[in-house]
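*Asks:* Below you will find the structure I want to go over with you.
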């Protein structure tokens, strides 16, 4: 299996700060905005963005939650082994709030479709946006596009985008892996 580095740790850091600035431009003080990391891999990105907003840009009221979409996926019972569920951690009502879904890679759009269904359990948001670190634009099965994207990648079907986070994998790195 061959690998190509798409983003180094330094590039990931630059992109995270750019995405944080774009969020500030559109949401100002975040008093009516909620960040929702889509479990499992969007959690790390959401935590990092929330930390940057609080520490570097002094945004005080950043509400952060994590949404498990396992049981809302259309492929939930299709695999040979059952999918592992994660924990949903949303300790607030999303009714009439602006929600920003955060995920590491936008691929087919099916995870976001599941998230759109799952979030309804917590109220009806006034608006939903999507932030993604990597947008695989030629792989969509559903008409879903990000409002904020870190980097657009043109990957073909036998290529996989792998996002590594220092919290989970010991380093920040984005790779494009060629499957044999």
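*Asks:* Determine the percent antiparallel among the DSSP beta bridges restricted to the chain, to the nearest 5.
*Replies:* 35 percent
*Asks:* Among (1) 10.5; (2) 9.8; (3) 12.0, which one is mean projected area of the Cα convex hull in nm² computed from these coordinates?
*Replies:* (1)
*Asks:* Next up: Taking R0 as 30 Å, what's the FRET efficiency between residue 70 and residue 22 from their Cβ-Cβ distance, rounded to 0.05?
*Replies:* For residue 70 and residue 22, the calculated efficiency is 0.55.
*Asks:* Also, quick follow-up: Distance from a point 7 Å along Cα→Cβ of residue 152 to each backbone N in the stretch 104-129: keep the residues under 17 Å and list them by number.
*Replies:* The answer is 105-109.
*Asks:* What nm distance separates the two modelled labels at residue 160 and residue 120, each placed 7 Å from Cα along Cα→Cβ?
*Replies:* Roughly 3.2 nm, to one decimal.
*Asks:* For the chain, with a Gaussian network of springs between Cα atoms less than 10 Å apart, report the residue from 16, 130, 116 with the top mean-square fluctuation.
*Replies:* 116
*Asks:* How big is the gap, in Å, between the Cα center of the stretch 138-163 and the Cα center of the stretch 106-120?
*Replies:* 14 Å
*Asks:* How large is the helix-only mean residue ellipticity at 222 nm for the chain, computed as the sum of -39500 (n - 2.57) over DSSP H runs with n ≥ 4, divided by its residue count, in deg cm²/dmol to the nearest 500?
*Replies:* It lands at -8000 deg cm²/dmol.
Any read-out appearing in this document is the output of simple, stated calculations on the displayed coordinates, not a laboratory observation. Nothing here was measured: the structure is a model prediction, and the numbers come from that model. Glycine also receives a Cβ, built like all others from the backbone with ideal geometry; neighbour counts cover every protein chain displayed.
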